[in-house]
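Engineer: Got a structure for you, written out below as structure tokens; questions coming shortly.
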Amino acid sequence: MKTYDLLLSANSLLLNRGSVFSHFLILSISQSLWAQQQRPNIVYIMTDDHTAQMMSCYGNSPIQTPNLDRIANEGVRFTRSFVANSLSGPSRACMITGKLSHKNGFTNNEHGVFDGTQQTMPKLMQAAGYQTALIGKWHLVSTPTGFNHYDILSGQGEYYNPTFIHDNGTRSIEKGYCTDIITDKSIQWMEERDKTKPFILFVHHKACHRDWLPKLEDMRLFEDQVFPLPDNFWDTWEGRVAAQQQEMSIGSAHDMDIVYDNKIYSPGDKTRLTWSYLNYVNRLDSADRARYFEFHDSITAAFKAYPPRGRALTEYKFQRYMRDYCKVTKSLDDNVGRLMKYLEDSGLLDNTLVVYTSDQGFYMGEHGWFDKRFMYEESLNTPLVMRLPKGYERRGIIDEMVQNIDYAPTFLDMAGANIPEDIQGMSLTPLLKGEKSPKKWRNAIYYHYYEFPAEHMVKRHYGIRTGRYKLIHFYQDIDQWELYDLKTDPTEMHNLYGNPAYRKVQQQMHKRLTQLQQHYDDPIEQELQQK
Ligand code: SGN
Ligand code: CA
């Protein structure tokens, strides 16, 4: 029975009998109504391709992110936060359903169309009395369902003067920088929302996705910074066949394009710019475009004066990549600060769960790469920090293994709603309430990536990661197993599969993998056997 139904029946009881009993009933109902109104709001901020290596609270970041760090410092920071499929659409589908890709049906960006008729967490939150809103990148192709309000980017979206699709079905180009606009729209929705109800707001940024076009005010930042190369930058992928065949190498002229990615062109001949790059920059109005090109002309002129070759060229591309990524991250951090300030000034902060995460991690030169997709640590991980509402006392670091299928049950749990049995993630609330190492927490996570053949050519693979080991199977046009000991080889340079010293570990990992595939009901093994 809903609260207002209870109130109605209590009223009639009071009228009919006027008994002491009904006074008590009224009292307990008003308490329950009060409790309903006290349910925490949720602001879920998810960026695109922002990786933990580029967030200062995770240590060793070349850029300071004070506003993101604030969330961690006032709340919790997860050190083992993983995605289930390291790609935008699939990751978003896992988040919104609490189910793995083979269950929610959105396995890859190339062919995926999210079935919006299925059960989703926003729909369940709505049914529990929450206002729901989605602003920014959606990337699930079908029209969003389960939101009282949405205002989304078209596809990947654009950094400059982006096009938005509104929930009345119209589209418009909005003037400004994407990260600023998404923040403005989010604040505006919170201002105008139905304030009698708790809310969940999904703020989905385009930043820091390729091709890292900065806010013009931030364009000249980081230009004097020289970024250290990761230790395994010159990895030759020995013993890792799938890694040898990827197309996401900074050093490859094909994979990281000097024009499109690094913005180096012929200053005197802009007709030679690739169409996609030019399309993005041409969204700026003429004055801003002139500002943009004034700066990038000077960069390209310097490059042309002393063009680097060979390894020096690869290092040059790495430096430009890092600078552009940092510029985009800077405005992201500023805007998260602006959102936090709004929550604080409007008195919402203390009863709001603020989540900051990304749709997956990213390579910042590790293994010589950019992009994601692989089950290796940098892209399997995703940053996750939370500022907790009243009643959730945990602070500091949380080392338990969590995954993006856990957000849906967590939010439902916090809202006091039932968690449907078919949701595959686990509610994080026992961790957030401060229970130290709750019993029965998972000791392994399952991963499955499907988008092949496709851009960046990362083979299909699935695998399992425990606290110490990782087993991966690359399949489809290849049949390769990899085993890593993350304690002795945290950067995953040595494939131990078949190594006699790890025979027992390998056996145990295979067994555990089969158990997890059965537990999550992934039919892949049967499919492979039928081939
Ligand atoms: C685009 C990018 C790729 C990226 C995919 C998926 N190319 O296709 O580099 O891997 O998105 O990214 S681009 O030239 O269009 O920028 S995801 O985060 O949306 O999954
Ligand atoms: Ca992404």
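The values are calculated or read from the model by the stated rules, or taken from the named source; none is laboratory data. What you see is a predicted model; the values in this text were computed from it and never measured. Cβ: placed from backbone, ideal geometry, glycine included. Neighbour counts: every protein chain shown. Accessible surface is based on the protein model in full, side chains and every heavy atom, while ligands, DNA and RNA are left aside. Shrake-Rupley method; radii C 1.70, N 1.55, O 1.52, S 1.80 Å.
Engineer: Among 148-157, 199-208, what's the highest-first ranking by average C-beta atoms within 10 angstrom per residue?
Structural biologist: Going from most to least packed, we get 199-208, 148-157.
Engineer: Lys and Arg at +1, Asp and Glu at -1: add these up for the other residues within a Cβ distance under 12 Å of HIS510 and post the number.
Structural biologist: Values: positive: ARG503, LYS504, LYS511, ARG512; negative: GLU525.
For residues surrounding HIS510, the net value is +3.
Engineer: If you don't mind, another one. May I ask you to give the solvent-accessible area per residue for the chain, in square angstrom, as obtained with a 1.4 angstrom probe?
Structural biologist: On a per-residue basis, 41 Å².
Engineer: Which angle between 0 and 90 degrees, to the nearest 10, do you get for helix 503-520 versus the longest principal axis of the chain when only C-alpha atoms count?
Structural biologist: Relative to the chain, helix 503-520 is tipped by roughly 50 degrees.
Engineer: To continue, here is another question. What is the set of long-range amide H partners of ASP167 at a cut-off below 5 Å, with H atoms built 1.01 Å from backbone N?
Structural biologist: TYR150
Engineer: Quote the FRET efficiency, to the nearest 0.05, computed for THR145 versus ARG309 with a Förster distance R0 of 51 Å and r equal to the Cβ-Cβ distance.
Structural biologist: 0.45
Engineer: Give the carbon-plus-sulfur fraction of the accessible surface of the chain in %, rounded to a whole number; probe 1.4 Å, heavy atoms of protein chains only.
Structural biologist: Roughly 51 percent, rounded to a whole number.
Engineer: Packing-wise, with mean Cβ within 10 Å as the measure, how do 409-419, 505-515 rank, highest first? Spell out each step's value before the answer.
Structural biologist: Values: 409-419: 20.1, 505-515: 15.5.
With the highest mean Cβ count within 10 Å placed first, the list reads 409-419, 505-515.
Engineer: In whole Å, what is the distance between the alpha-carbon centres of region 367-439 and region 228-283?
Structural biologist: Here the two parts' Cα centres lie 33 Å apart.
Engineer: What net charge do the residues around PHE474 carry, taking every other residue with its C-beta under 11 Å from that of PHE474, with Lys and Arg at +1 and Asp and Glu at -1?
Structural biologist: 0
Engineer: Further question: Sort region 448-530 into rounded, prolate or oblate with this rule: let a ≥ b ≥ c be the square roots of the eigenvalues of the Cα gyration tensor; rounded if a/c is under 1.5, and if a/c is not under 1.5, prolate when a/b is larger than b/c, oblate otherwise.
Structural biologist: It comes out oblate by the Cα gyration axes.
Engineer: Under 1.5 on a/c is rounded, so check that first for region 488-531, then, if it is not, pick prolate when a/b is larger than b/c and oblate when it is not; a ≥ b ≥ c are the square roots of the alpha carbon gyration tensor eigenvalues.
Structural biologist: prolate
Engineer: Right, something else. When you take every Cα atom in region 108-160, what is the radius of gyration, and what is Dmax, the widest Cα pair distance, in Å?
Structural biologist: Both quantities, over Cα of region 108-160: 12.1, 37 Å.
Engineer: Report relative contact order for region 65-197 in percent, whole number only (criteria: Cα-Cα under 8 Å, sequence separation at least 6).
Structural biologist: Details: 175 pairs, mean separation 19.4, N = 133.
Once normalised by length, the contact order is 15 percent.
Engineer: Tell me which residues come under 5 Å, amide H to amide H, from VAL43 once H is placed; ignore anything under 5 positions away on its chain.
Structural biologist: LEU201, LEU353, VAL354, VAL355
Engineer: Which value at 222 nm does the chain reach when only helices count, each DSSP H run of 4 or more adding -39,500 (n - 2.57), with the total divided by all residues and rounded to the nearest 500 deg cm²/dmol?
Structural biologist: Details: 16 runs with 186 residues, N = 531.
After summing the helix terms and dividing by the residues of the chain, the value is -11000 deg cm²/dmol.
Engineer: For the ranges 217-224, 398-405, 174-181, what's the packing order if you count other beta-carbon atoms within 10 Å of each residue, average per peptide, and put the highest first? Could you put the intermediate results ahead of the total?
Structural biologist: Details: 217-224: 14.8, 398-405: 22.0, 174-181: 20.1.
The most tightly packed comes first, giving 398-405, 174-181, 217-224.
Engineer: Working out 0.36 nm times the residue gap between GLN156 and GLU223, then minus their Cα-Cα distance, what length gain in nm do you get to one decimal? List each step's numbers first, then the result.
Structural biologist: Details: separation 67, 0.36 × 67 = 24.12 nm, distance 2.69 nm.
Extra length from GLN156 to GLU223 when fully extended: 21.4 nm.
Engineer: With both partners inside the chain, how many of the DSSP beta bridges are antiparallel, as a percent to the nearest 5?
Structural biologist: Once the DSSP bridges in the chain are tallied, antiparallel ones form about 55 percent.
Engineer: Out of residues 5 or more away from THR65 or on other chains, whose amide H comes under 5 Å of its own, with H placed 1.01 Å from N in the peptide plane?
Structural biologist: SER56, CYS57
Engineer: Quick one: compute the contact order of the chain, relative version, from alpha carbon pairs under 8 angstrom and 6+ residues apart, as a percent. Present the calculation step by step, with values, prior to reporting the outcome.
Structural biologist: Working: 986 pairs, mean separation 118.7, N = 531.
RCO, the chain: 22 percent.
Engineer: Would you kindly state how much longer the chain becomes between TYR280 and HIS111 on full extension, computed as 0.36 nm times their sequence separation minus their alpha carbon distance, in nm to one decimal?
Structural biologist: Full extension of this stretch gives 58.4 nm more.
Engineer: Would you mind counting up the charge near MET256? Only other residues with Cβ under 11 Å from its Cβ, with Lys and Arg at +1 and Asp and Glu at -1.
Structural biologist: Result for the neighbourhood of MET256: -3.
Engineer: Using a cut-off of 24 Å between alpha-carbon atoms, which lysines can reach LYS185, once sequence neighbours fewer than 8 places away in the same chain are excluded?
Structural biologist: LYS123, LYS137, LYS175, LYS195, LYS197, LYS206, LYS215, LYS327, LYS330, LYS341
Engineer: A further question follows. Using square roots of five times the C-alpha gyration tensor eigenvalues, list the equivalent-ellipsoid semi-axes of the chain in whole Å, biggest first.
Structural biologist: Those come to 41, 31, 20 Å.
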